[in-house]
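Peer 1: Sharing a structure, written as structure tokens. Questions coming.
FYI, it's all coordinate maths here, none of it is from the lab. As the structure is a computational prediction, the values presented were derived from the model and not from experiment. Reconstructed Cβ throughout: ideal geometry from the backbone, glycine too, with neighbour counts over all protein chains shown.
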């Protein structure tokens, strides 16, 4: 059997795809029998580094505005889908998995062209345009979070695939090592701030008030590569540790007691898997509000709209002042976790491939 996985763009699509590939290999599938297809972004380096074959194709996506580039989209999609179909035929694809980014559209077209079964994995609570397109052609649609995406045909909520270190997460065991990793020698609470892989300017600016004079907590702040809005210094009685990014997120979650963050699907799933209370500031124009509400409904997270970001310091202080509530939120977060998602998806793919 040969498995083709279409994943492109950001770590939010590529990393869960790699977790699925690893689960396939744990079930006896050879690395060489899992072919990744994508474009020329993060996937072009991350996937070969993980030891899987990769082929890049020209990619395009539809702009929501009336951009002139939209005129070329149908032509690029047809050319890319033909090239992908040729690659799928060459490796005798048994099943094709689309990870719901823009690469899902030509991959779905290519799978249909050669008659290979197609499966969609949608990470978000509200489906993307690409997922809606792919789901109409899919044998199965496997969802990361409950929500509007459950209306897609042949859909099932199985959770988002996570790195192994997060599926076996133990905060108490990791915490001493994790706090040393950030140079923290504190007894009290630690707040984590993260805006996703690229960072979030609104959170980078809000952290100034969180760590200001009188702060009751140390802060571990993952700024993102742009580090927009982060000042050089702020007077603070407790440590403010800044990093551009963290490659081993289990240490970030183990070091902190509360996270202030965006509400990307993978972040929401990681918060649940690690039992971490959160204050969520969704990027609403890309559908993150639906993701944030999954944790809010469970009592695991508090939503603050971006327009109310000036209140973040007060919301953090309120939660830190009520450790009992943080404990309840942590328990609720763990109740939302689906840590076996990668294995479940791998099993579904093997079933579909076998026919």
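Peer 1: How large are Rg and Dmax for the chain when only the alpha carbon atoms are used, in Å?
Peer 2: 20.8, 64
Peer 1: Where both partners of a DSSP beta bridge lie in region 200-355, what percent of those bridges are antiparallel, to the nearest 5?
Peer 2: 0
Peer 1: Starting with the fewest neighbours, write out 25, 261 ranked by other beta-carbon atoms found within 10 Å of each beta-carbon.
Peer 2: Listing 25, 261 from fewest to most nearby Cβ atoms yields 25, 261.
Peer 1: Could you grab the relative contact order for region 165-335? Cα pairs under 8 Å, six or more apart, rounded to a whole percent.
Peer 2: 23
Peer 1: If you count the DSSP beta bridges with both ends in the chain, what percent of them are antiparallel, to the nearest 5?
Peer 2: Here the share of antiparallel DSSP bridges comes out near 0 percent.
Peer 1: Sticking with this one: Sorted from fewest to most neighbouring beta carbons within 10 Å, what does the list 251, 164 look like?
Peer 2: By the 10 Å Cβ count, ascending, the order reads 164, 251.
Peer 1: For each of 13, 31, 221, count neighbouring Cβ atoms within 10 Å of the residue's Cβ, then give the residues from fewest to most.
Peer 2: 31, 221, 13
Peer 1: Quick check: the angle from helix 171-181's long axis to the longest principal axis of the chain, C-alpha only, nearest 10 degrees?
Peer 2: Tilt relative to the chain: about 80 degrees.
Peer 1: Would you mind computing, in nm to one decimal, how far apart the modelled labels at residue 216 and residue 114 are, each placed 7 Å from Cα along Cα→Cβ?
Peer 2: Here the answer is 5.9 nm between the modelled labels.
Peer 1: On to the next question. Rounded to a whole number, what is D in µm²/s for region 165-335 from Stokes-Einstein with the Kirkwood radius over alpha-carbon pairs (37 °C, 0.692 mPa s)?
Peer 2: So the translational diffusion coefficient is about 210 µm²/s.
Peer 1: Just to be sure I understand the model, the point goes 7 Å from the Cα along the line to the Cβ. What's the resulting residue 86 to residue 298 distance in nm?
Peer 2: 4.6
Peer 1: Per DSSP H run of at least 4 residues, take -39500 (n - 2.57); add these up for the chain, divide by its residues and hand me the 222 nm value, nearest 500 deg cm²/dmol.
Peer 2: Value at 222 nm, helices only: -12500 deg cm²/dmol.
Peer 1: Can you grab the distance from the C-alpha centre of region 252-305 to the C-alpha centre of region 162-219, Å, no decimals?
Peer 2: 14
Peer 1: How long is the gain from residue 209 to residue 157 if the chain were fully straight, where each residue apart is worth 0.36 nm and the alpha carbon distance is subtracted?
Peer 2: Length difference between fully extended and current span is 14.9 nm.
Peer 1: Expressed as an acute angle from 0 to 90° and rounded to the nearest 10, what is the orientation of the C-alpha long axis of helix 11-26 relative to the principal long axis of the chain?
Peer 2: Relative to the chain, helix 11-26 is tipped by roughly 70 degrees.
Peer 1: Rounded, prolate or oblate: which fits region 164-227, taking a ≥ b ≥ c as square roots of the Cα gyration tensor eigenvalues, rounded meaning a/c under 1.5, else prolate when a/b beats b/c?
Peer 2: oblate
Peer 1: Okay, next question. Taking square-rooted eigenvalues a ≥ b ≥ c of the alpha carbon gyration tensor, is region 75-122 rounded, prolate or oblate, where a/c under 1.5 means rounded and, failing that, a/b exceeding b/c means prolate?
Peer 2: Verdict is oblate for region 75-122.
Peer 1: Taking only C-alpha pairs under 8 Å that are 6+ residues apart, what is the relative contact order of region 240-355 in percent?
Peer 2: 26
Peer 1: Here is a further query. Going by alpha carbons, how many degrees (0 to 90, nearest 10) lie between the helix axis of 341-354 and the longest principal axis of the chain?
Peer 2: So the helix axis and the longest Cα principal axis differ by about 0 degrees.
Peer 1: Compute the Rg/Rh shape ratio of region 234-277: radius of gyration over Kirkwood radius, all on alpha-carbon atoms.
Peer 2: 1.00
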